[in-house]
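See structure below.
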Amino acid sequence: MSNSQAVSPRCRSCGMPMSEPAQFGTNADGSGKREYRCCCFRKGDFTVKLDKAAFIERQVKIAVEKMGMKVEQARAMANSVIPTLNRWRS
């Protein structure tokens, strides 16, 4: 598989792809945290402090407002993806 075909890692909190190191989160010591996006995990801690249900609703709102998805489509996607990510497994 060539680099142009390589699959980008996905954030284990929100599921969004990360294609370059600047998008990775950071540990408390400033080192990179490849498992999470910078908007989800910064300086060794999660940036959004919500339970899983509230986080799903937040992601639905983002998908509708910023990606132009229909609410039903966004909710179905969030409900199928978010619970499978490491941060939200219980």
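Mind listing just one residue for me: the one in the stretch 31-42 that is free of Cβ contacts under 8 Å to residues at least 12 places away in the same chain and in a strand (DSSP E or B) and, of those, farthest from ARG87 (Cα to Cα)? Residue satisfying both the conditions and the ranking: GLY32. Note on the stretch 43-57: residues that are acidic (Asp, Glu) and in a loop (DSSP other than H, G, I, E, B) total 1. Against the conditions (1) exposed (fewer than 14 other Cβ atoms within 10 Å of the Cβ); (2) modelled with pLDDT of 95 or more, SER4 satisfies every one except (2).
The residues on offer are VAL60, VAL64, and the sole one that is in contact with a Lys or Arg (Cβ under 7 Å, 6 or more places away or on another chain) and not in a strand (DSSP E or B) is VAL60. May I ask you to verify whether ARG12 is in a loop (DSSP other than H, G, I, E, B) and not assigned by TED's automatic domain parsing to the domain that holds ARG75? When the stated conditions are applied, ARG12 passes them. Listed by first and then second residue, the pairs linking a residue in the stretch 14-30 that is within 19 Å of ILE56 (Cα to Cα) to a residue that is assigned to a strand (DSSP E or B), with Cβ atoms under 6 Å apart and 6 or more places separating them unless they lie on different chains, are MET16/ARG37; PRO17/ARG10.
Within the stretch 33-47, the set of residues being more than 10 Å from SER13 (Cα to Cα), under 12 Å from the mean Cα position of the chain (by Cα) and of a type in the set (D, E, K, R) comprises ARG34 only.
Can you name the residue in the stretch 48-86 that is buried (at least 17 other Cβ atoms within 10 Å of the Cβ) and in contact (Cβ under 8 Å) with a residue 60 or more places away in the chain and, of all such residues, is nearest to CYS11 (Cα to Cα)? Checked the stretch 48-86; the qualifying residue nearest to CYS11 (Cα to Cα) is LEU85.
The values are calculated or read from the model by the stated rules, or taken from the named source; none is laboratory data. Since the model is a prediction, treat every value here as computed from it, not as a measurement. Because the Cβ atoms are built from the backbone with ideal geometry, glycine has one as well, and the counts that use them run over all protein chains shown.
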